[in-house]
Amino acid sequence: MPMCLNSMLEKEKLRFTRGDFEKSLSQDQTSFQSIDITGVDLSGLDFTECSFEECRFSESRLTNLSCEGATFKSCRALKCDFSYGDFSEARFDNCNLSLSVWRGAYLSAASFTDCKLTGANFGEARTLGVQFSKSTLSNAFLRKMNFRKYELEEVDFSGADLADCDFRDAVLYRCRLDDAHMSTTRFAGADLREADLGDLSFSSAANFKGAIISKDQATELLRGLGLKVF
């Protein structure tokens, strides 16, 4: 029964085209719910302070959008291209954004909560003040992103490319860093006591120079060096 109900709900989503959006926006409509926009090219449209709930954007082209202050709740946007759009102060809650592309996008003060961003590409994105909470960023491309003095809660960075990222003085609570690529990543002053650092070895420990770790993590590090701890 649950599977049948889900199928019925999916069929009820209203299919929208670019023309439908242009007409709605010209009539000052700012709220969209249960809309299917899969594969549609909406590049360049202005969705400033619009809200989207339970909409599907998968594989859509949303480049150069104006989405300042927009909200996205329970939306599905797999493989969606958000490149070079303005998402300043936008909010994403409980969205599946896996394999999405944010190249060159403006994400100043944007927030992602309970979101799935597996394999997302944030290359060259402007991310000053962006917030991630209780979200999955495994295998994501996050090079050179600044998390300095951030408080990150339950963020999964496993397997992510964190090269040249700045985590100095940040607090990572119940975050995962196992198997992440951390070449020249800075952690000085970062509190990693509640983070999952994966299998610590002498080579991987160098990535966490200056960070604060727990006694248990220190013990694991010593064991990784082949030392016996009593």
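The values are calculated or read from the model by the stated rules, or taken from the named source; none is laboratory data. Predicted model only: the values in this text are computed from it and were never measured. Ideal geometry is used to build each Cβ from the backbone, glycine not excepted, and the neighbour counts take in all protein chains shown.
Based on this model, can you work out whether S26 counts as of a type in the set (G, A, S) and either touching a residue at least 12 places away in the same chain (Cβ under 8 Å) or closer than 24 Å to R143 by Cβ (or both)?
No; evaluated as a whole, the condition is false for this residue.
Where residues in segment 155-175 are more than 14 Å from the chain's Cα centre (by Cα) and in a strand (DSSP E or B), which of them is farthest from D114 (Cα to Cα)? In this case the residue turns out to be D166. Scanning segment 189-216 for residues that are of a type in the set (S, T, N, Q) and modelled with pLDDT under 85, which turns out nearest to Y150 (Cα to Cα)? Residue satisfying both the conditions and the ranking: N207. Taking segment 187-196 as the search range and keeping residues that are out of contact with any Leu (no Cβ under 7 Å at 6 or more places or on another chain) and in contact (Cβ under 8 Å) with a residue 24 or more places away in the chain, which one is nearest to R143 (Cα to Cα)? Applying the filter and picking the extreme gives F187. Could you go through segment 51-72 and let me know if any residue there is over 20 Å from G129 (Cα atoms), among the β-branched types (V, I, T) and modelled with pLDDT of 95 or more. Yes, segment 51-72 contains a residue that is over 20 Å from G129 (Cα atoms), among the β-branched types (V, I, T) and modelled with pLDDT of 95 or more.
Only one of (1) touching a strand residue (DSSP E or B) at 6+ places or on another chain (Cβ under 6 Å); (2) within 20 Å of T118 (Cβ to Cβ); (3) at pLDDT 95 or above is not met by H181, so which one is it? Unmet condition: (3).
Yes/no matrix, rows are residues, columns are (1) among the aliphatic types (A, V, I, L, M); (2) closer than 20 Å to T184 by Cα; (3) modelled with pLDDT of 95 or more; (4) surrounded by fewer than 24 Cβ atoms within 10 Å (Cβ to Cβ):
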{"position": "S88", "(1), (2), (3), (4)": "no, no, yes, yes"}
{"position": "S100", "(1), (2), (3), (4)": "no, no, yes, no"}
{"position": "N146", "(1), (2), (3), (4)": "no, yes, yes, yes"}
{"position": "D161", "(1), (2), (3), (4)": "no, yes, yes, yes"}
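Among the candidates L152, L128, which residue alone is in a loop (DSSP other than H, G, I, E, B), without any contact (Cβ under 8 Å) to a residue 60 or more places away in the chain and closer than 30 Å to C80 by Cα? Going through L152, L128 in turn, the sole match is L128.
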